[in-house]
Structure formats: structure tokens, C-alpha cells
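The values are calculated or read from the model by the stated rules, or taken from the named source; none is laboratory data. Being a predicted model, the structure only gives us computed values, none of them experimental. Don't worry about glycine lacking a Cβ; one is built from the backbone with ideal geometry, like all the others, and counts go over all protein chains shown.
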Amino acid sequence: MNELPLKSIIEAALFAAGKPLSIDHFLDLFSKPERPERNAIRHILKELHEDYTERGIELVQVASGYRFQSKKSFIPWLKGLQPERAPRYSRALIETLAIIAYRQPMTRSEIEVIRGISVSTDIVKRLLEYKWIRILAHRDTPGRPALYGTTRAFLDYFNLKKLTDLPPLSDLQEIVHAQTGET
């Protein structure tokens, strides 16, 4: 390897990438003779995580790999840096996404049964465009309906490593009841 330490190369790659990087991405930075071992990269990532514990950013692992991001505790000060409003999603879109995330794979008609109302084509189209869901397969029934499931992009966007990191449904129901005043 050249004169730069492995840790500096990995840190620079994380800042420059603009997307989560997997171990394979890090390995691809090096030619074969200077390629480090996977365990060496994992060790460096652990060190970087520890190095940033007392700073305003943190190294996090999401479904697609590792990335630097601002710590949540600094959000009140950082809001002014993004004058455009955060996207607002309709309740129907969020409900549809939640049903797919918790009960996947799901067909559109199964989602409609749970929601008690039809799912518009636009909602499914938007979720596919956001790359939050994808067609996993087609059910072997008349009409061959698509079976939808979530993607790594969904996990990355919501800062999750895996689906089991989703909050329990009981927690979500408490939040909805608190926001709507229902009991």
C-alpha cells in the first residue's frame, strides 16, 4: 500500500462517496497486491465509529453499508441549512409503505383489505419511484398480482440496518393514537 494509512483512505472515501459504502466498496479502492483484509477494514470502521463519538457527526451502518451523518441531537441547529421543506408524504402513502414493510410480501389487494380502502396506482408508482419498494415476484393466481417488498433504499432512507430494526407495531399504534387523540 502507498504511504497513506488505511484509516485515512477509508475515512476520505466515506466523506467523498455521498452514499453508503459496503466492505466490497472499500476493497475495490485498492489494487490486488495492496488490498487489505476484510477484517482490517471492519477494524478501521470500528475505530472510526469510536473516533467520532464526541463529534457532531457519526459513522452509522445502514442496509447498504456505512456512511457519515449528522447526529440527531444537532438537527435543531442544522435545519436552517436546508431552506427547502422536507418532503411531506400523504397518510395513504405512509400507511401503504408501513403495511408492506411489516407484512411483506404483499399484493395490492391484500394491502387494500388491511387499509379498508383502495390503493391508488399513484401511491404504488411513487413508492416504486422512490425505490422504497420493489416487485419481488408475481403470485400464481388469476391475474398474477405483483408481490411487493421493501428495498435497501427504504432501509437506508429510514436509517435502518434490517427490517427487524423497525419499531414494534404496538409502538406505532401508540404514536398514531397520541397524534389523532384516539383511544
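What to note about this one:
- Residues located in the range 20-47, provided they are assigned to a loop (DSSP other than H, G, I, E, B) and touching a strand residue (DSSP E or B) at 6+ places or on another chain (Cβ under 7 Å): Pro20, Ser22
- Count of the range 81-113 residues which are small (Gly, Ala, Ser), without any contact (Cβ under 8 Å) to a residue 60 or more places away in the chain and either touching a Ser or Thr at 6+ places or on another chain (Cβ under 6 Å) or closer than 22 Å to Gly18 by Cβ (or both): 1
- When residues of the range 1-19 are limited to those that are assigned to a helix (DSSP H, G or I) and over 23 Å from the mean Cα position of the chain (by Cα), the one farthest from Phe74 (Cα to Cα): Leu6
- Checking each residue in the range 112-129 for being touching a helix residue (DSSP H, G or I) at 6+ places or on another chain (Cβ under 7 Å) and under 30 Å from Gly65 (Cβ atoms) picks out Ile123, Val124, Arg126, Leu127.
- Those helices (runs of 4 or more DSSP H) of the range 53-135 in which at least 2 residues are acidic (Asp, Glu) and either touching a strand residue (DSSP E or B) at 6+ places or on another chain (Cβ under 7 Å) or assigned by TED's automatic domain parsing to the domain that holds Leu160 (or both), considering only elements entirely within it, cover 108-115, 121-129.
- Scanning the range 136-166 for residues that are part of a loop (DSSP other than H, G, I, E, B) and within 14 Å of Ile100 (Cα to Cα) yields a count of 2.
- Hey, Glu50 acidic (Asp, Glu), in a loop (DSSP other than H, G, I, E, B) and surrounded by fewer than 14 Cβ atoms within 10 Å (Cβ to Cβ) or not: no
- Close pairs from the range 7-25: first more than 8 Å from Tyr66 (Cα to Cα) and without any contact (Cβ under 8 Å) to a residue 24 or more places away in the chain, partner among the aromatic types (Phe, Trp, Tyr) and part of a helix (DSSP H, G or I), Cβ under 7 Å, at least 6 apart: Ala13/Phe26
- Candidate set from the range 100-120 (those that are among the aliphatic types (A, V, I, L, M) and surrounded by 15 or more Cβ atoms within 10 Å (Cβ to Cβ)); member that is nearest to Pro168 (Cα to Cα): Ala101
- Within the range 153-170, the set of residues being hydroxyl-bearing (Ser, Thr, Tyr) and touching a residue at least 24 places away in the same chain (Cβ under 8 Å) comprises just one member, Tyr157.
- Residue match in the range 76-89 (condition: under 23 Å from Arg134 (Cβ atoms) and of a type outside the set (A, V, I, L, M)): yes
- Take the conditions (1) within 30 Å of Lys46 (Cα to Cα); (2) surrounded by fewer than 13 Cβ atoms within 10 Å (Cβ to Cβ); (3) modelled with pLDDT of 90 or more; Ser70 misses just one of them, which is (2).
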